[in-house]
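Here's the structure we're looking at; comments come further down.
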Amino acid sequence: MPGTKAHIDNLEVDPDGNFVLVSVNPKIYPLEIVYSAAYVFIDRAYVILDGDVSDEIFVELRPKSGQDPMTLGREFNNELLNYAASAVQSLRSQNVRDAIVQRAFVTNSGAPAPSGDFRSDPKGIASLWKQPEQKG
């Protein structure tokens, strides 16, 4: 409806303020992303994971040193987004990383690069170096 705001809130704070419960949709944030985000918090909070990975994941954060549970929950949501964005960027750049690694292996193996022929190198820059023969 025009003029109305959607309300999305996946945080539930304990009435006594001892912990926050974060509900995570595993279709948006897979379990691996939840693990990564939770790992960031183990120094600041006790972290408990529960739920069903096909339906809903629950993350309970209990502050270790008086931090506001609601703030912890919001920061956890930010970490989820951070790790999800990193995963997307990693997938996008996978081909480039593979090409760099392949090039490094070819260069270090002493074999000519697959994209060129070292024999057509007029200045001899790309030619293979030969080890001097040892007299023995």
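Every number here is computed from the coordinates shown, using simple stated rules; none is lab data. This is a predicted model, so every value here is computed, not measured. Every residue, glycine as well, gets a Cβ built from its backbone with ideal geometry; the counts of neighbours run over all protein chains shown.
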How would you rank Ile100, Ile57, going from fewest to most other Cβ atoms within 10 Å of each one's own Cβ? Ile100, Ile57
In nm, spacing of pseudo-spin labels at Tyr46 and Ala85 (7 Å Cα→C-beta vector): 3.3
Rounded to the nearest 0.05, what FRET efficiency is calculated for Ile28 and Phe105 with R0 set to 41 Å and r the Cβ-Cβ distance? 0.65
Sparse-neighbour loop sites [trypsin sites (Lys or Arg not before Pro); segment 1-110; at most 15 other C-beta within 10 Å; DSSP]: Lys5, Lys27, Arg44, Lys64
The size of the Cβ-based charge dipole (Lys, Arg +1; Asp, Glu -1) of segment 1-99 about the Cα centre, to the nearest 20 debye, is 460
